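Colleague: Here it is, the structure, as structure tokens.
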There are 2 protein chains.
Amino acid sequence: MTQRAADVLTEIDAVVGYTTYIDLIRPLVSDKQILSTGMTKEVQRVESAINLVLGGQSCAIVSSGDPGIYAMAGLVFETCNAKNIRVAPLQQFDENIQRQSDIIYIEIIPGIPALSAGAALLGAPLTHDFAVISLSDLLTPWEMIEKRLEAAARADFVIVLYNPKSKKRTWQLEKAQQIILNYRNKHTPVGIVTRAMRAGQHVDIISLENLNTAEVNMQTTVFIGSSASCHYLDFMFTPRGYSRKYAIKAG
Amino acid sequence: MTQRAADVLTEIDAVVGYTTYIDLIRPLVSDKQILSTGMTKEVQRVESAINLVLGGQSCAIVSSGDPGIYAMAGLVFETCNAKNIRVAPLQQFDENIQRQSDIIYIEIIPGIPALSAGAALLGAPLTHDFAVISLSDLLTPWEMIEKRLEAAARADFVIVLYNPKSKKRTWQLEKAQQIILNYRNKHTPVGIVTRAMRAGQHVDIISLENLNTAEVNMQTTVFIGSSASCHYLDFMFTPRGYSRKYAIKAG
């Protein structure tokens with residue numbers, strides 16, 4: 001957790017979040033009002049937070065990783081927009097002006113996203129252009145996901161896959177593999193990182209041809225190399241091209 | 001800085017980095033050997049660090065943001081690979097086994113990348129699929145960059161541009177704008193973030209048609225919305241589609 005996130009948690013009145021994430025910070029928020037709910041209750045969580053704030057309380061919504069990448073920050077704005085609730089950056093809040101109860105002041109505190117934590121454990125797969133795609137077709141039509149996979153594969157992006165598989169979504173990862181194999185060598189290195197920097201962390205580097213048999217779940221991030229990405233000993237990295245340009249000499 | 005980065009800085013013998021970044025942490029490293037060099041000396045920096053470590057010292061290479069995204073981590077592996085130097089994850093280091101002086105043990109410590117910091121200041125532009133592209137053609141042929149811009153625009157990714165402009169590279173951003181305008185509405189929101197969360201921070205949300213006149217430099221990250229991205233009051237966000245699926249009610 002960043003210092004800013006820790007500071008805010010000590011100041012606010014209420015904390016809203018997915019039960020698993022609340023549990024990770026429970027010692028820090030023992031004196032707060034806590035609203036924790038299970039997965040798929042994202043909309044209710046955000047509506048609860050909005051109601052608390054409109055009622056005069058301050059409230060933090062907690063996510064793991066970065067709240068701005070496939071996480072709750074977007075839903076806050078999506079909900080306020082749909083309900084026509086006025087929002088403003090927290091830095092515009094002025095204590096000397098009487099608080100307007102119909103404005104919600106918002107601060108998004110960035111964190112280390114799974115793509116950064118996972119990349120660090122693999123080596124350096126993201127030091128050149130990359131595309132980030134969620135394989136969850138719960139809120140996005142599969143045709144759109146397929147179109148993005150194809151475009152990213154064709155243009156030789158490193159591809160980061162979020163939400164590769166769940167108990168109910170079992171075929172999407174293999175389909176993604178097939179699409180990418182149309183454009184990329186079967187020996188392309190693929191990094192598999194599950195629960196990066198948390199208990200139960202698992203890191204593996206495999207070949208694209210074996211991606212369909214990799215052990216992945218909703219806590220896994222998958223890194224598919226570009227044509228330039230290398231598997232070197234226990235690491236995976238994508239060169240930026242210095243060695244081509246500057247002729248780094250062999251030792 | 002994360003706690004892990006601060007801990008490592010207190011433990012190591014030497015620090016290598018771009019002068020600007022070393023200056024930001026100078027109070028923390030006053031008792032260390034410091035090798036700081038200017039921009040474009042990346043290869044020398046990494047070679048200095050490697051030589052220090054092969055000589056028996058421990059060494060940290062510092063970056064701003066996340067060292068794994070368009071930063072130094074990739075060059076470490078690229079250089080070791082080119083020089084045929086053995087590397088291993090730091091967690092494999094065993095103090096009880098006599099240190100093999102020809103192996104370099106490496107830990108990459110992730111940070112908050114500019115794409116996360118910038119997104120947080122804009123609202124939530126990255127809560128759906130996105131592509132990250134550097135406009136620097138110093139190490140990458142411009143034809144490849146153009147191909148990626150076109151693919152990302154066509155497949156309706158949110159597009160994050162790193163290195164949009166420098167004193168010497170002045171035409172690339174306008175060219176990128178033209179390519180993206182072939183596929184995306186001229187009113188598409190574009191977030192411009194310079195020096196996110198550092199002194200001199202500047203945040204703006206404009207329309208794609210005005211991107212060519214935006215004030216940007218090497219410290220700017222540009223966020224080009226997808227067709228779904230919205231500009232709502234002082235924020236920019238990309239909905240994940242909850243309001244379509246769950247019919248979030250107007251207030």
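Read-outs throughout are calculated quantities, based only on the coordinates presented, and are distinct from any laboratory measurement. All of these numbers come straight from a predicted model, not from anything done at the bench. Glycine gets a Cβ as well: all are built from the backbone with ideal geometry, and neighbour counts include every protein chain shown.
Colleague: Rg and Dmax in Å for the protein assembly as shown, alpha carbons only: what are they?
Modeller: 22.4, 68
Colleague: Roughly how tilted is helix A:72-82, in degrees to the nearest 10 and between 0 and 90, from the longest Cα axis of chain A?
Modeller: Its long axis makes an angle of about 60 degrees.
Colleague: Here's a follow-up. For the range A:41-111 and the range B:126-143, compute the distance between their C-alpha centroids and round to whole Å.
Modeller: Distance between centres, Cα-based: 31 Å.
Colleague: Give me the percent of DSSP beta bridges within the protein assembly as shown that run antiparallel, rounded to the nearest 5.
Modeller: Here the share of antiparallel DSSP bridges comes out near 50 percent.
Colleague: Between beta-carbons, use under 10 Å as the cut-off and find the net charge around A:Ser36, counting Lys and Arg +1, Asp and Glu -1.
Modeller: Summing Lys and Arg as +1 and Asp and Glu as -1 gives +2.
Colleague: Using only atoms on other chains, find how many Cβ atoms lie within 10 Å of each Cβ of peptide A:23-36 and report the average.
Modeller: If you average over the peptide's residues, the count of other-chain Cβ atoms is 0.
Colleague: Just counting partner chain Cβ atoms within 10 Å, what average do the residues of peptide B:55-66 show around their Cβ?
Modeller: Mean shielding count: 1.
Colleague: For A:Tyr232, go 7 angstrom from Cα along the Cα-to-Cβ vector, then report the distances to that same point in the other copies in nm, smallest first.
Modeller: For A:Tyr232, the inter-copy label distances come out at 4.5 nm.
Colleague: Here is a further query. Quick check: pseudo-label points 7 Å beyond the Cα along Cα→Cβ at B:Phe93 and A:Lys41, how many nm apart are they?
Modeller: Placing both labels 7 Å beyond Cα along the Cβ direction yields 4.4 nm.
Colleague: In what order do A:Val15, B:Val87 fall by count of nearby beta-carbon atoms within 10 Å, going from fewest to most?
Modeller: B:Val87, A:Val15
Colleague: Separate question: In 5 Å bins starting at 0, how do the alpha-carbon pair distances of the range B:3-137 split up by percent?
Modeller: Computed distribution, short to long bins: 2, 9, 17, 21, 19, 13, 10, 6, 2, 1, 0.
Colleague: Sticking with this structure for a sec: Provide an ascending nm list, one decimal, of label-point separations from A:Thr213 to the equivalent residue in each further copy; define each label point as 7 Å from Cα along Cα→Cβ.
Modeller: Its label point is 6.0 nm from the equivalent points in the other copies.
Colleague: Given 25 °C and 0.890 mPa s, compute D for chain B with the Stokes-Einstein relation, Rh being the Kirkwood radius over Cα pairs; round to the nearest whole µm²/s.
Modeller: Using the Kirkwood radius from Cα pairs, D works out to 121 µm²/s.
Colleague: Please compute, for peptide B:104-110, the average count of beta-carbon atoms on other protein chains lying within 10 Å of each residue's beta-carbon.
Modeller: Shielding by partners across B:104-110 averages 4.
Colleague: OK, next. Suppose every K and R has +1 on its Cβ and every D and E has -1 on its Cβ; what is the size of the dipole of chain A about the Cα centre, in Debye to the nearest 20?
Modeller: The calculated dipole for chain A is roughly 740 debye.
Colleague: Under the convention of a label 7 Å out along Cα→Cβ, give the distances in nm from A:Thr170 to the same position in every other copy, shortest first.
Modeller: The answer, with the shortest distance listed first, is 6.1 nm.
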